[in-house]
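Some notes on the structure that comes next.
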Amino acid sequence: MSIESRPRRNPDHGLSPDDPAVAAFWAERHLCTLTTLQLGGRPHVVPVGATLDAENGLVRVIASRTSLKVRHIAAAGPAGAPVAVCQVDGRRWTTVEGTALVSAAPADVAEAERRYEARYRKPHPNPERVVVLIRIDRMLGNR
């Protein structure tokens with residue numbers, strides 16, 4: 001194969017959540033990391049289970065309302081907090097950059113639990129459960 005005939009890589013790594021290969025990767029069971037910002041601006045990175053809802057442009061993460069990640073997001077106020085969610089499997093990876101809000105609305109939590117169960121397993125009962133709703137601003141990766 002000559003250099004000219006090789007497929008070119010996407011130099012900015014931009015992906016679309018609607019891409020079937022992206023959807024397939026996000027349907028596989030992979031843990032992710034969620035990066036939030038502490039008050040001083042330092043990153044706080046934790047492992048999470050995350051689900052992609054391309055149709056609505058969202059990533060959802062279930063969490064306990066007392067967790068540090070939830071407190072970081074809530075501290076940003078009603079405009080939301082900048083976050084990143086990453087998953088990796090060998091050379092395949094995606095990073096979702098977005099704006100996160102926390103919801104305790106029963107319908108939002110139930111939908112997040114339903115999606116979590118479909119990707120991972122049935123979540124343990126947690127009366128303190130909330131959902132982190134991340135509006136996708138940009139998706140990067142290598143599929």
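Things worth noting here:
- Only helices enter the 222 nm calculation for the chain: every DSSP H run of n ≥ 4 contributes -39,500 (n - 2.57), and dividing by all residues gives -6000 deg cm²/dmol, rounded to 500.
- Here the simple spin-label model places points 7 Å from the Cα toward Cβ, and for ALA27 and ASP137 these points are separated by 3.0 nm.
- Its Cα centre serving as origin, the chain has a Cβ charge dipole (Lys and Arg +1, Asp and Glu -1) of approximately 420 debye.
- For the chain, the residue among ALA54, PRO20, LEU34 whose Cα projects farthest onto the positive side of the dipole built from Cβ charges is LEU34.
- Charge context of TYR116, other residues only, Cβ under 9 angstrom, K/R +1, D/E -1: +4
- Full-extension gain in nm, SER64 to HIS13, via 0.36 nm per residue minus C-alpha separation: 15.1 nm
- Judged by the ratio a/c of the largest to the smallest principal axis of the C-alpha gyration tensor, the range 14-142 counts as oblate, that ratio being 1.5 or greater while a/b is no larger than b/c.
- Whole-number percent relative contact order across the chain, with pairs defined as alpha carbons under 8 Å at least 6 apart: 29
Readers should treat all values here as calculations from the given coordinates under stated rules, not as data from a laboratory. All values reported here derive from a predicted model rather than from experimental measurement. No Cβ is skipped: glycine too gets one built from the backbone with ideal geometry, and neighbour counts run over all protein chains shown.
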